[in-house]
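Participant: This is the structure I want to talk about, given as structure tokens.
Only the coordinates and a few stated rules stand behind these numbers; no lab work does. Since we're looking at a predicted model, the values are computed, not measured. Backbone-built Cβ (ideal geometry, glycine too); neighbour counts: all protein chains shown.
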Amino acid sequence: MNHYDIIVLTDHRYLKDSKDTYKHNVFYEDELVVNALKAEGLKASRKAWDDSEFDWSTTKSILFRSTWDYFDRFEEFSQWLSNVAKQTQLINSERLIRWNIDKHYLLDLKNNAIHIPETEFIEIGAEWTLKALHDKLNWSETVLKPCISGAARHTYKLNTENLDAHETIFTELIKSEAMMLQPFQHNIVSQGEISMMVFNGQFTHAILKKAKTGDFRVQDDFGGSVYDYAPTEDEIRFAEHATTGCPELPLYARVDIFTDNNGKLAVSELELIEPELWFRNHPNAANVLAKAVKKKLNALSLRGKRND
């Protein structure tokens, strides 16, 4: 018999509240979600994904929220994911998580008529040099990053003047992981990047992320700042449409969008695993998510009864 309806997942660094603002925000937002789930009548708790003492079969479902060490422990996380998917319902599903882990998913979005920035994928073992790639593509200012990454790990801004300085690290990286190269997007620096929160296909709220002066990375790890944002109807429709390009409709998604160098809305990232969702800016969105979770669990329960 299940002891819980749902477990909200974090990593061990955020299990307890902290005077550190960053850690407190993680704890606070996860608590908003846990409390919203409880308000829907669900028996909910919060645990680290690598809790070796917890029996994952004792919960009907798990909700990925702040498992932010997964990309640093990817092999361990991947094995755990395979094991836990056999024991309980994952939200979002294992299928969506594995699809979203690798940024090759951008090609699927493109094939589903969802606009992405120009992107060149460089596969493991490729013998290209950065100079040869830039010559082939006729790009002079670019951003290089891994296909499996997070928190701007190994993300480099390149131009014709610094390619030689990055050839060594590129040569080492491409031996073991696929990389992607994109033209540098000037509007992300001048206008920022918009994060659109979409639950069960419906937009709830948005924030604007801006890089600090002199940087191009909008993550707060690198001094980026966050502002409330009122999106246009076109931006809302674009973000909601982007979730239809997934293998299945995600229960929660953060759609990061921007205006590309050609003046078109584009998806920079589609975050379906453990995105920051800024519930602290819009606490009611936690209630929207909780209602969507309850609806999904009710549907799964009904389906299970029909199959009995």
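Participant: Which angle from 0 to 90°, rounded to the nearest 10, does the C-alpha axis of helix 284-307 make with the longest principal axis of the chain?
Facilitator: Approximately 60 degrees, to the nearest 10.
Participant: So what's the back-of-envelope 222 nm ellipticity for the chain, counting only DSSP H runs of four-plus at -39500 (n - 2.57) apiece and dividing by all residues, rounded to 500?
Facilitator: -10500 deg cm²/dmol
Participant: As I understand it, the value is the acute angle between the Cα axis of helix 233-243 and the longest principal axis of the Cα atoms of the chain; what does it come to in degrees, rounded to 10?
Facilitator: So the helix axis and the longest Cα principal axis differ by about 80 degrees.
Participant: What is the pair-distance distribution P(r) of region 1-53, computed from all Cα-Cα distances in 10 Å bins starting at 0, with each bin given as a whole percent?
Facilitator: Spelled out per bin, shortest first, that is 25, 49, 24, 2.
Participant: Give me the one-decimal nm value for the distance between modelled label points at Asn261 and Ser82, 7 Å along each residue's Cα-to-Cβ direction.
Facilitator: 4.0 nm
Participant: Take every DSSP beta bridge with both residues inside the chain and express the antiparallel ones as a percent of the total, to the nearest 5.
Facilitator: Counting DSSP beta bridges with both partners in the chain, the antiparallel share is about 75 percent.
Participant: Follow-up question, since we're still on this one. Over the alpha-carbon set of region 120-184, work out the extent along each principal axis and list the three values in angstrom, largest first.
Facilitator: So the extents along the principal axes, rounded to whole Å, are 25, 25, 20.
Participant: What's the magnitude of the charge dipole for the chain around its Cα centre, counting Lys and Arg as +1 and Asp and Glu as -1 at the beta-carbon? Answer in Debye, nearest 20.
Facilitator: Charge dipole of the chain: 1260 debye, to the nearest 20.
Participant: So for the chain, taking the charge dipole from beta-carbon charges (+1 Lys/Arg, -1 Asp/Glu), which of Leu81, Thr119, Val34 sits furthest toward the positive end?
Facilitator: Working it through, the farthest residue towards the positive pole turns out to be Val34.
Participant: Label His3 and Leu107 with points 7 Å out from Cα along Cα→Cβ: what is the distance between them in nm?
Facilitator: That separation, rounded to one decimal, is 4.4 nm.
Participant: Relative contact order for region 120-184: what percent, with Cα pairs under 8 Å and sequence separation of 6 or more?
Facilitator: Computed over region 120-184, the figure is 53 percent.
Participant: Mind jotting down the distance between the C-alpha centroids of region 71-87 and region 1-50, whole Å?
Facilitator: If you average the Cα positions of each part, the centres end up 19 Å apart.
Participant: Dividing the Cα convex hull volume of the chain by residue count, how many Å³ per residue is that?
Facilitator: Convex hull of Cα atoms, per residue: 147 Å³.
Participant: Next up: What FRET efficiency comes out for Glu172 versus Ser301 if R0 is 41 angstrom and r is the Cβ-Cβ distance? Round to the nearest 0.05.
Facilitator: Efficiency, from the Cβ-Cβ distance: 0.25.
Participant: If you don't mind, there's one more thing I want to ask. Taking only Cα atoms, what is the 0 to 90° angle, nearest 10, from helix 163-174's long axis to the longest principal axis of the chain?
Facilitator: Computed tilt is about 40 degrees.
Participant: Hey, another quick one. Report the residues of region 43-60 in range of a label on Glu75: point 7 Å along Cα→C-beta, backbone N strictly under 19 Å from it.
Facilitator: Under 19 Å, as judged by backbone N against the label point of Glu75, lie 50 of region 43-60.
Participant: While we're here: Positive end of the dipole of the chain, charges at C-beta (+1 Lys, Arg; -1 Asp, Glu), about the Cα centre: which of Gly201, Trp99, Val255 has its Cα farthest in that direction?
Facilitator: Positive-end residue among those listed: Gly201.
Participant: Pop a pseudo-label 7 angstrom from the Cα along the beta-carbon direction at both Thr129 and Thr58 and give the gap in nm to one decimal.
Facilitator: A separation of 6.0 nm, rounded to one decimal place.
Participant: Let me spell out the model: positive unit charges on the Cβ of Lys and Arg, negative unit charges on the Cβ of Asp and Glu, origin at the Cα centre of region 120-184. What dipole size does that give, in debye rounded to 20?
Facilitator: 200 debye
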